[in-house]
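Below you'll find the structure, written out as structure tokens, and then a few comments.
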Amino acid sequence: MTTATLAPSPPNRQNAHLAYALGRVAAGDALALEDIYRATAPKLLGIIQRVLGPGADAEDVLQDVYLTVWRRADSFDPARATAPMAWMAAIARNRAIDRLRARQLRGGEDLDVVAELPDDQAVDAFEALAASEEGARLAKCLDALDNNRARSIRMSYFGGLTYEAVAREINQPLGTVKSWIRRGLAELRACLES
């Protein structure tokens, strides 16, 4: 099986191409994974390097990201509002943070730096989401939440902040922020399912 090579294109077309290629990867098409790699590797490597810095560790994590994409492509649901690039960027960022945590356990680096790292995809993901019909529903449901819950969810899920960073930013205990987010997500789920 072959797929068309992904060329730079407007965000909606690129999202459609990436979503199609992910579907092909889920079906076992290795050439589709190669196309995804060509279209996304520079951006994903940049995200990883913001966490780990340049070097072999970052390249190892990038390889792990594409192994994860290969194994989990069937879990990407194009019917959801998440853009394919945001889905892969989240995988890349999480894998990089895991590697940084492993370094810390070996006595290497300070993990506090992770909380301060912005999530480059957060704004792109939110803009893509807001542009969709589902995004409009989500925005309406978010607006219906208690202000503290909505703000915490926005900062964490759309702002790319960890729960700890949200708690520091709004000067609230971590347990309170976690509770607001957990309850807010439950309310959002109920609102979106109604």
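Criterion first (at pLDDT 85 or above and crowded, with 19+ Cβ neighbours inside 10 Å) does LEU129 satisfy it? Spell out how you get there, then give the answer.
Working: at pLDDT 85 or above: no; crowded, with 19+ Cβ neighbours inside 10 Å: yes.
The answer is no for LEU129.
Going by the structure shown, is ALA92 in contact with a Leu (Cβ under 6 Å, 6 or more places away or on another chain), crowded, with 16+ Cβ neighbours inside 10 Å, of a type in the set (A, V, I, L, M) and modelled with pLDDT of 85 or more? Judged against the criteria, ALA92 is a match.
The values are calculated or read from the model by the stated rules, or taken from the named source; none is laboratory data. In this text, all values refer to a predicted model and were calculated from it rather than measured experimentally. With ideal geometry, Cβ positions are generated from the backbone for all residues, glycine too; neighbour counts draw on all protein chains shown.
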